[in-house]
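Some notes on the structure that comes next.
The values are calculated or read from the model by the stated rules, or taken from the named source; none is laboratory data. Just so it is clear, the model here is predicted, and its values are computed rather than measured. Every residue, glycine among them, receives a Cβ derived from its backbone with ideal geometry; neighbour counts consider all protein chains shown. Note: accessible area is taken over every heavy atom of the protein model, side chains too, but ligands, DNA and RNA are not part of it. Shrake-Rupley method; radii C 1.70, N 1.55, O 1.52, S 1.80 Å.
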Amino acid sequence: MNSALAAPNAGAAEILLRVYHGSGVTRAELTRTLEVRAGVVAAALDAFKDAGLIHSDDLRYYPSLNDDTDAAARREYARLSGARSCRTCGCTDQWACEGGCDWVDENLCSTCDPTTMRLNQRTSFVVVEDDATYVETELADDECVRLNIRRGESVCAVMLTPSEAIAVATKLLMYASAAENDGELL
C-alpha cells in the first residue's frame, strides 16, 4: 500500500505520522504545525487517501478504518522518512508497536521476535469457554514460569525454565500464525 509519493520525503512522512497519532487533523493544522506549504500537505493527504492509508470526513483526516493498514502505514512512514524499520510489522523508533518495543536485531523488534517472551504482569489467566478450565501463569523470582492448569477439580502445576517457556511460547506463536493463515479461529 505504498503511496505515489517519491521517497525520501520527510514532510510527507511527518504528515502521515500526525494523522495516525492525532484525533483527526485538518489540512490547515498540518500546514501550520509542520510549517509545510499547503500544496505539499494537500498532495500528501491525497496520495495517502488514494493508497487507502487514511480517510476523511468533510474536514478532518483520520487513520484508515481497515484493521490491516496500521502496519502498512508504518511501512510507508519508514519508506518516506528513511527510518530504520522492523521487517515484520514496519515499526520505527518514531512509530513503535502498541505497548512499546525494542530492537533485538538490525531490523527486528521485540514484539515480532518469536524468541522474546515479554511478561508484563507477574500473573495472568487464560479461561477456556466452559469456565471449568483455566491456565494461570506466574513469573517466579528466579525467572521461571509456573503454570497452574485447572480442569474442573483437578490441578496440575508445571515449572518451566526461561528457555523452556520461550520454546513453548514460540511453538504457540507458530501454531497461532498457521491457524490464522488457514483462516481458522483459535
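Would you tally the residues in the stretch 8-55 being within 23 Å of the chain's Cα centre (by Cα), surrounded by 15 or more Cβ atoms within 10 Å (Cβ to Cβ) and outside any helix (DSSP H, G or I)?
Looking only at that region, the number is 7.
Those residues that are modelled with pLDDT under 75, exposed (fewer than 11 other Cβ atoms within 10 Å of the Cβ) and touching a strand residue (DSSP E or B) at 6+ places or on another chain (Cβ under 8 Å), I need them from the stretch 131-186; list them, please.
Gly152
Any residue at all in the stretch 58-71 that's among the small types (Gly, Ala, Ser) and within 21 Å of Asp113 (Cα to Cα)?
Within the stretch 58-71 (the criterion being among the small types (Gly, Ala, Ser) and within 21 Å of Asp113 (Cα to Cα)), the answer is yes, since at least one residue qualifies.
Going through the stretch 58-91 one residue at a time, which ones are hydrophobic (A, V, I, L, M, F, W, C), under 14 Å from the mean Cα position of the chain (by Cα), over 18 Å from Ala6 (Cα atoms) and at pLDDT below 90?
Ala71, Cys89
Counting only residues that are in contact with a His (Cβ under 7 Å, 6 or more places away or on another chain) and part of a loop (DSSP other than H, G, I, E, B), which one in the stretch 57-77 is surrounded by the most Cβ atoms within 10 Å (Cβ to Cβ)?
For the stretch 57-77, the residue satisfying everything is Ser64.
Just to be sure before I move on: is Ser56 over 30 Å from Ser177 (Cα atoms) and among the polar types (S, T, N, Q) in the structure I sent?
Yes; evaluated as a whole, the condition is true for this residue.
I'd like the full set of residues that are outside any loop (DSSP other than H, G, I, E, B) and open to solvent by 60 Å² or more (accessible area, probe 1.4 Å), limited to the stretch 78-89.
Correct list: Arg79 only.
Might you check whether a residue that is open to solvent by 60 Å² or more (accessible area, probe 1.4 Å) and modelled with pLDDT of 70 or more occurs anywhere in the stretch 109-125?
yes
Given the conditions (1) open to solvent by 20 Å² or more (accessible area, probe 1.4 Å); (2) part of a loop (DSSP other than H, G, I, E, B), which single one is not true for Thr92?
Exception for Thr92: condition (1).
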